[in-house]
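Engineer: Mind looking over this structure? Questions follow.
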Amino acid sequence: MSLSLDALRSAFAIRGHARASRAEIVSFRDRQLRKLVRHAYHAVPYYRALWDEHGVHPDCIRGAADMPLLPTVTKTHFREAPEIERVAAGLDPELLIPAASSGSSGRPFMIRRSWLEQNVLHLPRVRALRSYGIKGTDRALNILNPKHAHARDNKIIGRTLVALKLQTQQKRVSIHLDPEAIAAEVRAYRPAMLSGYPNMLARVSGVLQREPVRPPSIRVALTGAEALTPDLRRKIEARLGVPVRDQYGSNECNLMAWECSHGGPLHTSDDTVLVEVVGADGVPVAPGEIGEVVVTALHTFTMPLIRFRIGDVAEQGSGVCECGAPFGTIRGVQGRMLDMFPLPDGRVIHPYWLSESLIMDDPDWIENFQLTQERIDRVMMRIVPRAEPTSERLATLRAHGVELLGAGVDFELLIVDSIPSELSGKFRPARSHVTSSYDDIVVPALRAPVPS
Ligand SMILES: [Zn+2]
């Protein structure tokens, strides 16, 4: 019961935080972290065993700065423990709301939340829309992978907010429809905000450019769930004539960061999730450096996620955004760790580095592409062209790819009519089928003394 009261109190605090000072948010976050870590140690057998093994006691954690004392946790490690050891003592996992990950790592992953936790997690999305000037009287259309809502997830808080015109009215359209059919839905609904996966939004906006919404209604396009490349952003902005704002979310934590309303860095949702960008030692890297994203869900007490390696890499941003918003920042979330390409010469490259190098000089002839690493020594690039490429252009591209990948890697170029999406509906611009050594626990370099 006290957990429910806490969640309600948190919900009210989060609603007021858009105008709070940085100090207020930091103090709220650190208080929440202390509460969460103590709770996890005393009520969740999984964390107690893990932290005892690493010799850390929850009393050592006073705030975000102390979190590197705790080990990071991978999906594999977390999933290997029985579910009953990962939920708080006394809770029946079957009575909680399940949230399955989309399986973009190829391995489905299930977490569970209480009804109230599920609803609290929705609030940062409302706040992000507000920052883009989208209010409760506006309509939003989301192009997404349809999921069946769980029977216990009645979304009553969200529905009440919509009824009170405190939250945008939302329409969902399936990504499994073709772009023409989706565009027809957009024209009929006339939303102020259009959101979707970047690749899908680029295709739909191509149709809307030919047959626009009349009179114009869209003021902002929101992207998420897959990486927004500079090329995709440019295409969507040019076709719709509105700014694109990117969001970074996950099934585990809902919205974790949203792009500054002035464009540029992403504001981290510091009062709902601790987003750490860490190096191999599990300690946060300096601003401007690239690291792995490690998250702690601040309001999830039923099945806590503490220093959870979510599988993405990002660039550490500045502590506070230049726009004056009271949130920290990250930049350029670079997609799944699993899809880094390990090469025979020992390099592990990010496929976007490869694709940007290969096509950014002259991207306009390419409608769509996909890089697949089939074996450590074989990378395939499929391209859907807008116009038939000359043999000279293809030869240049092939030579450039061979040069980037280095000796011993077979680089094949295929011109195709279409590239199928994953079963989940997400389009993966880069995919590696080479096993990675990613799923290991990182033991922090720092060790706190065990209080006696
Ligand atoms: Zn900002």
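The values are calculated or read from the model by the stated rules, or taken from the named source; none is laboratory data. Predicted model only: the values in this text are computed from it and were never measured. Note that each Cβ is placed from the backbone with ideal geometry, even for glycine, and that neighbours are counted across all protein chains shown.
Engineer: Restricting to the range 228-246, count the residues that are closer than 28 Å to VAL73 by Cβ and surrounded by fewer than 23 Cβ atoms within 10 Å (Cβ to Cβ).
Structural biologist: Going through the range 228-246 one residue at a time, the tally reaches 1.
Engineer: Looking at the range 405-416, I want the residues that are assigned by TED's automatic domain parsing to the domain that holds ARG393 and have a partner that is surrounded by 13 or more Cβ atoms within 10 Å (Cβ to Cβ) and among the hydroxyl-bearing types (Ser, Thr, Tyr) with Cβ atoms under 8 Å, at least 6 apart or on another chain. Which pairs are those?
Structural biologist: Cβ pairs passing all conditions: none.
Engineer: Go through the residues of the range 315-322 one by one and say whether even a single one is modelled with pLDDT under 95, within 16 Å of the ligand (Cβ to nearest atom) and of a type in the set (Asp, Glu).
Structural biologist: So far as the range 315-322 goes, yes, one or more of its residues are modelled with pLDDT under 95, within 16 Å of the ligand (Cβ to nearest atom) and of a type in the set (Asp, Glu).
Engineer: Then there's this: Which of the helices (runs of 4 or more DSSP H) found entirely inside the range 176-265 contain at least 3 residues meeting this: on the phi > 0 side of the Ramachandran plot and in contact (Cβ under 8 Å) with a residue 24 or more places away in the chain?
Structural biologist: Those helices (runs of 4 or more DSSP H) do not exist here; none qualify.
Engineer: Still on this structure: Residues that are farther than 29 Å from GLY328 by Cα and away from the ligand (no atom under 16 Å from the Cβ): does the range 258-278 have at least one?
Structural biologist: Looking through the range 258-278, none of the residues is farther than 29 Å from GLY328 by Cα and away from the ligand (no atom under 16 Å from the Cβ).
Engineer: Could you tell me how many of the residues in the range 373-410 are among the small types (Gly, Ala, Ser), within 20 Å of SER432 (Cα to Cα) and touching a Phe, Trp or Tyr at 6+ places or on another chain (Cβ under 7 Å)? Walk me through how you get there before you give the answer.
Structural biologist: First pass over the range 373-410, keeping only residues among the small types (Gly, Ala, Ser): 387, 391, 395, 399, 401, 406-408.
Imposing the further condition that a residue be within 20 Å of SER432 (Cα to Cα) reduces the set to 401, 406-408.
Keeping just the survivors that are touching a Phe, Trp or Tyr at 6+ places or on another chain (Cβ under 7 Å) gives 401.
Total satisfying the criteria: 1.
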